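The values are calculated or read from the model by the stated rules, or taken from the named source; none is laboratory data. Remember, predicted model here, so these are calculated numbers, not experimental data. So basically every Cβ, Gly included, is an ideal-geometry build from the backbone, and we count neighbours across all protein chains shown. Note: areas computed on protein heavy atoms with side chains; ligands, DNA, RNA excluded. Shrake-Rupley method; radii C 1.70, N 1.55, O 1.52, S 1.80 Å.
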Amino acid sequence: MSDLEKKDQIENNKAKVIDIDEVSMDQSVINELIEKYDAESRYRKLSGLQGKFISAWLICMSLFHLYTAGIATMPITIQRAVHLTFAIVAVYILFPATRKGSKTSTPLYDWILAAAGGVVCAYIVVFFNDIARRGAEPLPYEIWLGVAAILLVLEAGRRVVGNVLPCLSIIFLAYCYFGNYVPGMFQIRGYSVSRIIQHMYLTPEGIFGLALGVSATFVIVFIIFGAFLSQSGGAKFFNELALALAGNTPGGPAKVAVVASGLLGTINGSSVANVATTGTFTIPLMKRVGYPPHYAGAVEACSSTGGQLMPPIMGAGAFIMSEFLGISYLTIAAGAILPALIYYTAIFTNVHIRARKEGFKGLPKEELPVLRDVMKRDGHLIIPVLVVIVTLLMKYTPLRSGFIGVVAVIIVSMFKPHTRMGIKDMLHACEEGARGALGVALACALVGFVVGTSSLTSLGLTISNNIIDISGGNLLLTLIMSMVACLVLGMGLPTTANYSLQHNHCPCSRRNEGFAACCAHVCFLFRNHG
């Protein structure tokens, strides 16, 4: 290349300011990678009448939860049953039984399964008072309904969260029935099918237990909040803000990935959504300045995983912690601030040292957005996040704070024409929010089998007592053993399921050191989830 050509190329680069929509990987490649490694992203792209139906169904799901969050409440078991009814029907319509299944049309057998799943869950809603009056004593036909409910939840969970959690659920259910054959300290008398069905289906101890309750209240409302904020342009705002803050420093694109993932983590609490949003432009930028592809991918994966730990809106596991430990969500979020800062400081330091060592430069200032312009154009989009923080500090429940946050997004988006959301945009946000909650809902329903087994058989107490015996009652050793178990379980389970399983068998949660256990768990759960 001649000197004149080089000069022209430099001038062209200087004249071009980075557009996030331009500097990104091919969308088809992105979608293929996400579907390969994330079961929740393998949903069908329906059109025509099927597409209109599922869109309307998901929109109704979001509107129902916004209504119960900010306008009227209902009995918790009914709330959970309605939540699972919406979720299980949507899963069978959207998620094929295998990867080779149709991605553009739902076959008849899946419509039948969807209807069956809706019936067995809606039964609890319709006959809730009758079931309560007779103390959840099962009628003969309810045994078959319970069997169908368990099988349908297991299959729906397999489709949306993978094979590991359903297999664990089956093992725990089998333990309830065959526990009398288990040798040693874990032997139990074994329970009849009728008793297992009653506990898992007709009482708020199994499928419709506390884990599903968290999904049906706090989690879905904050997922909807994140969807509304992203629809108004919040995701792009945080990405451009990160570019303006760190893009020109040594190894700038990698630092942009760290900062952008941390900022986005404050509104979505999802590692997969974080990678899909920021990784599409930060990974190509990192490769452009000289980072090896594997290192660029590692930086983005680690940074996005930490998004679950960033207050005010953390991953679903944080809400589970709040309910299980009886600690306010605000306390959980406050306890996560220091681990989150340490986590991102460590990644940022690693990136900086690597950049200095390899001589990687930042991006030219001419290619980067100006901080003042970014804040002037989209800075108002940070207001809804501040509203959520303020309402939590004012002792509002997370459920009400999430609802107020959604309202705040709608109002704040009206400040500028380019962020203003119309009715169509709001409906799209409702649809995406409900779709994003399906995996959490089914994971929590599956965890209900584990929690139900622990309460029915006292398995959690047995494991806890043995851990305490092995550790000699030392809290530090107990925490270390629990953290090792978290790391092992994290190799095959999502964060929410990991914590739920670990909590039910962790002796720390049965002692006065619950918050210490919470802090230790939050660090290790989120650290290993990526």
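Here are the numbers:
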{"quantity": "Candidates Phe415, Phe403, filtered to the one that is surrounded by 18 or more Cβ atoms within 10 Å (Cβ to Cβ) and aromatic (Phe, Trp, Tyr)", "calculated": "Phe403"}
{"quantity": "Identity of the residue in the stretch 168-185, assigned to a helix (DSSP H, G or I) and open to solvent by 70 Å² or more (accessible area, probe 1.4 Å), that ends up nearest to Ala97 (Cα to Cα)", "calculated": "Ile170"}
{"quantity": "Among (1) open to solvent by 10 Å² or more (accessible area, probe 1.4 Å); (2) closer than 21 Å to Phe225 by Cβ, the one test that Ser105 misses", "calculated": "(2)"}
{"quantity": "Verdict on Ala346 being in a helix (DSSP H, G or I) and buried (at least 18 other Cβ atoms within 10 Å of the Cβ)", "calculated": "no"}
{"quantity": "Residue in the stretch 123-159 that is most open to solvent (accessible area, probe 1.4 Å), counting only those that are without any contact (Cβ under 8 Å) to a residue 12 or more places away in the chain, part of a helix (DSSP H, G or I) and charged (D, E, K, R)", "calculated": "Arg133"}
{"quantity": "Any hit, the stretch 382-393, residues being within 24 Å of Lys236 (Cα to Cα), part of a helix (DSSP H, G or I) and of a type in the set (S, T, N, Q)", "calculated": "no"}
{"quantity": "Output for the stretch 212-250, where each listed residue is open to solvent by 10 Å² or more (accessible area, probe 1.4 Å) and either outside any helix (DSSP H, G or I) or of a type in the set (S, T, N, Q) (or both)", "calculated": "Thr217, Ser230, Gln231, Gly233, Asn248, Thr249, Pro250"}
{"quantity": "Out of Glu366, Glu323, sole residue that is under 21 Å from Gly251 (Cβ atoms) and open to solvent by 60 Å² or more (accessible area, probe 1.4 Å)", "calculated": "Glu366"}
{"quantity": "Cβ pairs under 7 Å, 6+ apart, first in the stretch 287-304 and part of a loop (DSSP other than H, G, I, E, B), second open to solvent by less than 40 Å² (accessible area, probe 1.4 Å)", "calculated": "Gly290/Phe360; Tyr291/Ala254; Tyr291/Phe360"}
{"quantity": "Residue list for the stretch 328-357, restricted to those being within 18 Å of Pro312 (Cα to Cα) and aromatic (Phe, Trp, Tyr)", "calculated": "Tyr329, Tyr343, Tyr344"}
{"quantity": "Condition check for Ala355: open to solvent by less than 70 Å² (accessible area, probe 1.4 Å) and in contact with a helix residue (DSSP H, G or I) (Cβ under 9 Å, 6 or more places away or on another chain)", "calculated": "yes"}
{"quantity": "Checking Phe228 against (1) more than 30 Å from Met426 (Cβ to Cβ); (2) aromatic (Phe, Trp, Tyr); (3) modelled with pLDDT of 90 or more, the condition it does not meet", "calculated": "(1)"}
{"quantity": "Subset of the stretch 37-81 [surrounded by fewer than 23 Cβ atoms within 10 Å (Cβ to Cβ), under 20 Å from the mean Cα position of the chain (by Cα) and among the aliphatic types (A, V, I, L, M)]", "calculated": "Ala39, Ile59, Leu63, Leu66"}
{"quantity": "Test: Gly233 is on the phi > 0 side of the Ramachandran plot and touching a residue at least 24 places away in the same chain (Cβ under 8 Å)", "calculated": "yes"}
{"quantity": "Positions within the stretch 186-211 being at pLDDT below 90, part of a helix (DSSP H, G or I) and open to solvent by less than 60 Å² (accessible area, probe 1.4 Å), in sequence order", "calculated": "Leu210, Ala211"}
{"quantity": "Near pairs, Cβ below 7 angstrom, 6+ apart or cross-chain, from the stretch 84-108 (more than 19 Å from Gly436 (Cβ to Cβ)) to any residue that is part of a helix (DSSP H, G or I) and not aromatic (Phe, Trp, Tyr)", "calculated": "Ala97/Arg159; Ser105/Gln50; Thr106/Gln50; Thr106/Ile93"}
{"quantity": "Pairs with Cβ under 8 Å, 6+ apart, first in the stretch 422-444 and free of Cβ contacts under 8 Å to residues at least 40 places away in the same chain, second open to solvent by 40 Å² or more (accessible area, probe 1.4 Å)", "calculated": "none"}
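Let's see how each residue does on (1) modelled with pLDDT of 85 or more; (2) in a helix (DSSP H, G or I):
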{"position": "Glu5", "(1), (2)": "no, yes"}
{"position": "Asp21", "(1), (2)": "no, no"}
{"position": "Ser24", "(1), (2)": "no, no"}
{"position": "Asn31", "(1), (2)": "no, yes"}
{"position": "Lys36", "(1), (2)": "no, yes"}
{"position": "Trp57", "(1), (2)": "yes, yes"}
{"position": "Thr85", "(1), (2)": "yes, yes"}
{"position": "Val91", "(1), (2)": "yes, yes"}
{"position": "Gly101", "(1), (2)": "no, no"}
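Okay, residues lined up against (1) of a type in the set (Val, Ile, Thr); (2) at pLDDT 80 or above; (3) within 17 Å of the chain's Cα centre (by Cα); (4) buried (at least 24 other Cβ atoms within 10 Å of the Cβ):
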| site | (1), (2), (3), (4) |
| --- | --- |
| Ser271 | no, no, yes, yes |
| Asn274 | no, no, yes, yes |
| Thr278 | yes, no, yes, yes |
| Thr282 | yes, no, no, yes |
| Pro292 | no, yes, no, no |
| Tyr295 | no, yes, no, no |
| Glu300 | no, yes, no, yes |
| Gly307 | no, no, yes, yes |
| Pro311 | no, yes, yes, no |
